[in-house]
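Read through the structure below, which is laid out as structure tokens, and then see the notes.
The values are calculated or read from the model by the stated rules, or taken from the named source; none is laboratory data. Everything quoted here is computed from the prediction, not taken from an experiment. As a convention, Cβ positions derive from the backbone with ideal geometry for all residues, glycine included, and neighbour counts pool all protein chains shown.
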Amino acid sequence: MSEEHDKKLYSNFDYDTALSVQGGVKQPGQVSDFYLKRVHSQKRVELTVEQLVDGILRGDRIMLSRAITLVESSLHAHQQKAQRVIEQCLPHSGHSVRLGITGVPGAGKSTTIEALGKMLTSLNHKVAVLAIDPSSERSKGSILGDKTRMEELSTDPNAFIRPSPSAGSLGGVARKTREIILLCEAAGFDVVIVETVGVGQSEVAAHSMVDFFLLLQLANQGDELQGIKRGIMEMADMIAINKADIDQTKSELAAQQYRNALHLFPMPDSQWAVKVMLCSAYSKMGIQEIWNNVMEYVAFTKGTGYFYRKRQQQNLRILRESIESSLKDRFYNAPGMEERIERASQDILDSKVSAYTAAEQLIEDYFRK
């Protein structure tokens with residue numbers, strides 16, 4: 001071979017070392033270039049309120065997702081725009097069955113929701129799932145990723161799953177969940193499922209935004225009637241012992257214990273007799289019965305008028321909570337407030353003033369201006 005050929009052949013070698021590295025084949029990215037261009041082009045375009053509303057009413061999931069992102073944003077401009085979207089969607093909402101599901105971690109909430117959701121979509125229902133994740137104390141983002149645990153439902157064309165960080169809200173329910181429910185209803189979803197964190201704190205927030213509240217429990221998990229569950233049991237419209245296929249006998253015993261306990265509670269305002277049943281999300285046992293019970297409850301409470309009275313009370317609760325939320329946001333975002341809070345914090349640390357007195361002074365200064 002010629003000397004010129006040898007130079008070309010060995011041009012990639014590093015003669016100063018015993019090893020050499022070939023160039024290799026360029027690897028494709030994890031996301032297609034077409035999708036990235038599509039997403040970037042959409043982000044560059046600032047959609048109007050009318051475009052968002054029109055897309056939501058047409059059932060466009062991209063528009064729905066972008067509207068929900070506006071609702072969840074803490075920026076004042078985004079909040080103002082989101083409220084205009086909600087106002088225009090409001091006449092098209094309110095036609096779904098709102099189902100809240102809670103339970104201790106490991107009770108099988110996500111698996112139950114997926115089994116129930118798949119059954120409902122097979123019956124031509126459109127299902128929206130608002131899976132509320134616990135928030136990380138550091139990043140404030142979701143840490144469980146419930147959407148990744150509903151693989152089949154997340155790919156169902158008649159289902160929409162929106163994981164949201166709880167952001168420290170009462171009862172583990174995101175602060176904007178009520179507004180998101182309205183947007184999902186306007187987009188044509190006739191069943192909205194709200195999954196709460198279920199880590200033992202009050203679930204009042206979830207109960208105040210749904211029509212039917214389902215409590216998932218497990219058999220043989222210690223004292224079934226412990227006080228941490230009593231408050232939730234009093235709000236439940238139904239109790240289901242999940243994973244009953246593992247041990248039928250223990251599950252039946254747990255169900256009977258709950259039935260006995262419910263007899264000690266006063267009759268709820270709905271006048272609905274709370275039922276206790278067995279189910280297994282894994283084997284789909286009892287899933288159809290859960291939905292039948294939900295529909296029986298809706299028919300019963302609509303017949304007595306309680307269904308509509310409860311939704312009116314929920315709207316009034318939104319009014320009070322919105323006032324509190326708005327006052328809190330305006331207080332903390334007032335000009336110079338951050339500096340004044342820092343000075344007050346230092347005075348507290350230096351034992352110059354009590355925390356209560358400092359708070360009262362900050363509030364008085366805010367309203368004086």
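General observations
- Residue tally, condition at pLDDT 90 or above and basic (Lys, Arg), over the stretch 34-89: 5
- Yes/no for residue 275 being touching a residue at least 24 places away in the same chain (Cβ under 8 Å), outside the structural domain of residue 122 (by TED's automatic domain parsing) and either under 21 Å from residue 210 (Cα atoms) or among the acidic types (Asp, Glu) (or both): no
- Single residue of the stretch 290-320 satisfying the filter (in contact with a Ser or Thr (Cβ under 6 Å, 6 or more places away or on another chain) and polar (S, T, N, Q)) that is farthest from residue 93 (Cα to Cα): 301
- Residue match in the stretch 323-339 (condition: of a type in the set (S, T, N, Q) and either in contact (Cβ under 8 Å) with a residue 24 or more places away in the chain or at positive phi (or both)): yes
- Selection of first residues in the stretch 246-263 that are over 17 Å from residue 283 (Cα atoms) and of second residues that are assigned to a helix (DSSP H, G or I), restricted to Cβ pairs under 8 Å at least 6 apart or on distinct chains, gives the following pairs, ordered by first then second residue: 258/233; 261/233; 262/233.
- In the stretch 286-301, the residues that are touching a helix residue (DSSP H, G or I) at 6+ places or on another chain (Cβ under 7 Å), farther than 15 Å from residue 100 by Cβ and either free of Cβ contacts under 8 Å to residues at least 12 places away in the same chain or crowded, with 17+ Cβ neighbours inside 10 Å (or both): 287
- Some residue of the stretch 74-81 being surrounded by 12 or more Cβ atoms within 10 Å (Cβ to Cβ) and under 22 Å from residue 209 (Cβ atoms): yes
- Residue within the stretch 340-349 that is in contact (Cβ under 8 Å) with a residue 24 or more places away in the chain, surrounded by 11 or more Cβ atoms within 10 Å (Cβ to Cβ) and either more than 15 Å from residue 211 (Cβ to Cβ) or in contact with a Pro (Cβ under 8 Å, 6 or more places away or on another chain) (or both) present: yes
- Per-region count, the stretch 328-339, residues modelled with pLDDT of 90 or more, of a type outside the set (Asp, Glu) and surrounded by fewer than 14 Cβ atoms within 10 Å (Cβ to Cβ): 3
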